[in-house]
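Working notes, structure below.
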Number of protein chains: 2
Amino acid sequence: MGLFHLTAPEEPITQATPRPGITDLGPGYLDAELLATELLREACLEALETWGPSAMAYGANAGPPPLRRFLAAKASTAGGTACTSANVLVTGGTSTMLSELAARLAGEGTVLLTEALTYDLGRAIFAELGVRVVAVPGLPDLDPDELRRTAVRTARSSGKPPALYVAPTFHNPTGRVLSLDRRRAMLAVAEQTGMRVIEDQAYADLDYGDEIVPPPLTALADDPDSVVGLYSFSKSLAPGIRVGWLIGSEKRVSRLETGAERRSGGGPSHFAALAVAAACTSGSFDAHLVELRRQLRLRRDAALSPLLGALPPGFSVRVPTGGYFVWVDIPAAVDDRAVLREAEARGMSCALGRRFGADARGLRLCFAGHPPAALAAAAERFVAACRAAAR
Amino acid sequence: MGLFHLTAPEEPITQATPRPGITDLGPGYLDAELLATELLREACLEALETWGPSAMAYGANAGPPPLRRFLAAKASTAGGTACTSANVLVTGGTSTMLSELAARLAGEGTVLLTEALTYDLGRAIFAELGVRVVAVPGLPDLDPDELRRTAVRTARSSGKPPALYVAPTFHNPTGRVLSLDRRRAMLAVAEQTGMRVIEDQAYADLDYGDEIVPPPLTALADDPDSVVGLYSFSKSLAPGIRVGWLIGSEKRVSRLETGAERRSGGGPSHFAALAVAAACTSGSFDAHLVELRRQLRLRRDAALSPLLGALPPGFSVRVPTGGYFVWVDIPAAVDDRAVLREAEARGMSCALGRRFGADARGLRLCFAGHPPAALAAAAERFVAACRAAAR
């Protein structure tokens, strides 16, 4: 026994890379204080009390029925996607589900289209598994005409309609919400070109209530088989629990549910999904969300105030109404790496826009990972860095 | 809140399909009584106490360092694979890892060779993702000459060396342990033909101590990059926790660890893996294994006794020295489906051999899922069924 120790000095058990002396607004992490640690502790105990050893057996392939029921009802609320449990597949998180979809697209030889600015690791998951990924020109928003042209061109070269990966709500990295008109126009193009759509809604639950968010694409599509929506508890409860969900047609859900990996290993994250089911059905998840949104809104405001009106000419800030990110557009004459260099020299960091798209001119600031005072101080340093880089 | 309920009457939250009136020795499930439910409850609490919110953050991409250290030391014990944490990747279970490897093989266009009798869902995971799967002729054991011939033939047709999927220890479905000579011969063929090997060791921990089990292929291979070994806590602790591990060269582990899915979502099953880490470092996992092996050995004996000397001529039983399964070979003149029909008419069931390979002539009985008395009664009914089918 004496050979092994649970903890070693300063041993990192998380993905985060500590950067001493830097307030790092780079990664999309939630502040440890905002993670639903205590809620999930209680939920684990409740799941074990309710289901006993069944909580530890091979789980139902599509996920625990009580969680699917809850998520179907949640999706069906006003303006949402009318659906039942049969439209819900519990996943091991968005990254895992993207990987599963990527493997299927790769097998078919389907090309994937993305927004010009898109989640870099989402794109990398597809590319690594052999999917050809093509960015649709058009910033900041997907342009329907460009989308059509790109879809037609790639369909011709690959011999089949491409698929599209898009994050319409509280977009990573820009935080933008795609308008209802754009959503409809995009779906019209998808329908005309036979394109299937993967809708990344990882941040959808983090809505600060500042604007009316249009319905998800799964609710707007004429053909329910053409869109799957990916949702996550990673951004709202905790990423360490590895639970998310997919909304899709019964046919799509049933096809994914009966895949060999699930028939072999059962539902992914079975025990964790039961804990989440306990948190959802008890109401503690909803209560947590209300408080989390309030906290994130406070942090957004703390990060935003020093920026507004203070950035040099040609710089502009997008004010997000949900999610984790503020995006700062920078003028063509300024190098994003120069801004980052100046920022790090002043003790703050953020993410380079070029990570998210070749033509991106900007920087992404995550305001979810630090308390308001630290964010305000970091934002002031960021302003100074922008001024220095623009000089 | 009143809308949602954790439990509905008789709602299944597990993968198991109850079959009233049947003692089902078909699926490879562990009896609920033998699942490490209470151990894992305590381990979850200990993980949260030790690491707090870090247990809920994005986990280290290769898995928690304390678990990797424990597993490296476990692998390095006498006759094992000398290794360090850098040779260990924590996985979300064998099925998930097979799927990840399958996606990579599919992307490369690599053909997968399997034993003539092999884990059916393992094979299906590869086939579904577009990998061409070829069974190497030869029962009950992989024949080195057949392996070489098949490897050369598929290399010629696909333009690159194939990969090999093999379960050398307590094989599913036959329970057999591949001899040291066969292991060496197989590895020699792999080396000569440039074949990489995926070694499925899901049942390796369930060793009843009846024979000396040869070292794993990762310990025997001259080229450490040529083999990865897949291990699991699903068969020893509980499948609902979704934690396993991979043993491979530093290069292979590092390549898998830096894949986009892990860079995006962190280590799979992070919180669950920390609970397992707590159970491993406290010694409770090892203590559990000792008792589990004893229980499984009792159950094997209970299932086996009624069969020995009682089956009709031409039927034979393989006595497993570990794992979950007894395999019964049947004569060419008898149809496995006829045996199953007769068995189910008598209130017991098992798995058809043909599930595991086109040329298989036999049936698989899982003795892990029922208490000894039920197993003995089911085995007696199985004997009667064999007699009826052989008549």
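Structure notes:
- In the set (1) more than 14 Å from every other protein chain (Cβ to nearest Cβ); (2) surrounded by fewer than 24 Cβ atoms within 10 Å (Cβ to Cβ); (3) outside any helix (DSSP H, G or I), B:GLU199 fails one condition alone, (2).
- Scanning region B:256-309 for residues that are within 21 Å of B:GLU42 (Cβ to Cβ), within 7 Å of chain A (Cβ to nearest Cβ), within 22 Å of the chain's Cα centre (by Cα) and not hydrophobic (A, V, I, L, M, F, W, C) gives B:SER269, B:HIS270.
- Candidates are the residues of region B:238-255 that are away from chain A (no Cβ under 11 Å) and not basic (Lys, Arg); the one that is most open to solvent (accessible area, probe 1.4 Å) is B:GLU250.
- Selection count, region B:323-339, where residues are open to solvent by less than 20 Å² (accessible area, probe 1.4 Å) and without any contact (Cβ under 8 Å) to a residue 40 or more places away in the chain: 1
- Sole residue being among the small types (Gly, Ala, Ser) and within 14 Å of chain A (Cβ to nearest Cβ), chosen from B:ALA185, B:ALA167: B:ALA167
- Residue-level check: of (1) more than 7 Å from chain A (Cβ to nearest Cβ); (2) surrounded by fewer than 24 Cβ atoms within 10 Å (Cβ to Cβ); (3) more than 30 Å from B:GLY283 (Cβ to Cβ); (4) under 19 Å from the mean Cα position of the chain (by Cα), B:TYR119 misses just (2).
- If you go through region A:1-20 and keep only what is at pLDDT 85 or above, open to solvent by 60 Å² or more (accessible area, probe 1.4 Å) and facing another protein chain (nearest Cβ under 7 Å), you end up with just A:PRO12.
- Of the residues examined, B:SER269 is one that is within 22 Å of B:ASN61 (Cα to Cα), in contact (Cβ under 8 Å) with a residue 12 or more places away in the chain and polar (S, T, N, Q).
- For region A:129-170, residues that are surrounded by fewer than 21 Cβ atoms within 10 Å (Cβ to Cβ), of a type outside the set (A, V, I, L, M) and within 19 Å of A:ALA103 (Cβ to Cβ) total 5.
- The set of residues in region A:56-71 being open to solvent by 10 Å² or more (accessible area, probe 1.4 Å) and either more than 18 Å from A:CYS44 (Cα to Cα) or among the polar types (S, T, N, Q) (or both) consists of A:ASN61, A:ARG69.
- Those residues of region A:347-391 which are of a type in the set (Gly, Ala, Ser), surrounded by fewer than 19 Cβ atoms within 10 Å (Cβ to Cβ) and outside any helix (DSSP H, G or I), in sequence order: A:GLY347, A:ALA358
- Complete set of residues in region A:81-104 that are open to solvent by 30 Å² or more (accessible area, probe 1.4 Å) and under 21 Å from the mean Cα position of the chain (by Cα): A:THR96, A:GLU100, A:ARG104
- Identity of the residue in region B:26-44, outside any helix (DSSP H, G or I) and not charged (D, E, K, R), that ends up farthest from the other protein chains (Cβ to nearest Cβ): B:GLY26
- Within region A:311-322, residues that are closer than 11 Å to A:ARG387 by Cα have Cβ atoms under 7 Å from residues that are of a type in the set (Gly, Ala, Ser) and part of a loop (DSSP other than H, G, I, E, B) in no pair, counting only partners at least 6 apart in sequence or on another chain.
- Boolean, A:THR23 is touching a Gly at 6+ places or on another chain (Cβ under 9 Å), within 30 Å of A:VAL328 (Cα to Cα) and more than 7 Å from chain B (Cβ to nearest Cβ): yes
- B:GLY283 falls short on exactly one of the conditions (1) of a type outside the set (S, T, N, Q); (2) touching a strand residue (DSSP E or B) at 6+ places or on another chain (Cβ under 8 Å); (3) surrounded by fewer than 18 Cβ atoms within 10 Å (Cβ to Cβ), and that condition is (2).
- Residue match in region A:94-107 (condition: of a type in the set (Lys, Arg), more than 26 Å from B:ASN61 (Cβ to Cβ) and within 8 Å of chain B (Cβ to nearest Cβ)): no
- Any chance A:GLU342 is open to solvent by 10 Å² or more (accessible area, probe 1.4 Å), away from every other protein chain (no Cβ under 14 Å) and not hydrophobic (A, V, I, L, M, F, W, C): yes
- Annotation note: Cβ proximity below 6 Å between a residue of region B:355-382 that is under 16 Å from B:VAL328 (Cβ atoms) and a residue that is of a type in the set (Ser, Thr, Tyr) and part of a strand (DSSP E or B) (sequence gap 6+ or interchain) occurs for B:ALA378/B:THR23.
- Filtering region A:47-69 to residues that are more than 7 Å from chain B (Cβ to nearest Cβ), under 24 Å from the mean Cα position of the chain (by Cα) and of a type outside the set (D, E, K, R) leaves A:ALA62, A:GLY63, A:LEU67.
- Test for A:GLY175: is it assigned to a loop (DSSP other than H, G, I, E, B), open to solvent by less than 10 Å² (accessible area, probe 1.4 Å), of a type outside the set (Asp, Glu) and at positive phi: yes
- Boolean, B:SER234 is among the small types (Gly, Ala, Ser) and assigned to a helix (DSSP H, G or I): no
The values are calculated or read from the model by the stated rules, or taken from the named source; none is laboratory data. Since this is a predicted model, take the numbers as computed values, not measurements. Neighbour counts run over all protein chains shown; Cβ positions are idealised from the backbone, glycine included. The accessibility values were calculated without ligands, DNA or RNA, using every heavy atom of the protein model including side chains. Shrake-Rupley method; radii C 1.70, N 1.55, O 1.52, S 1.80 Å.
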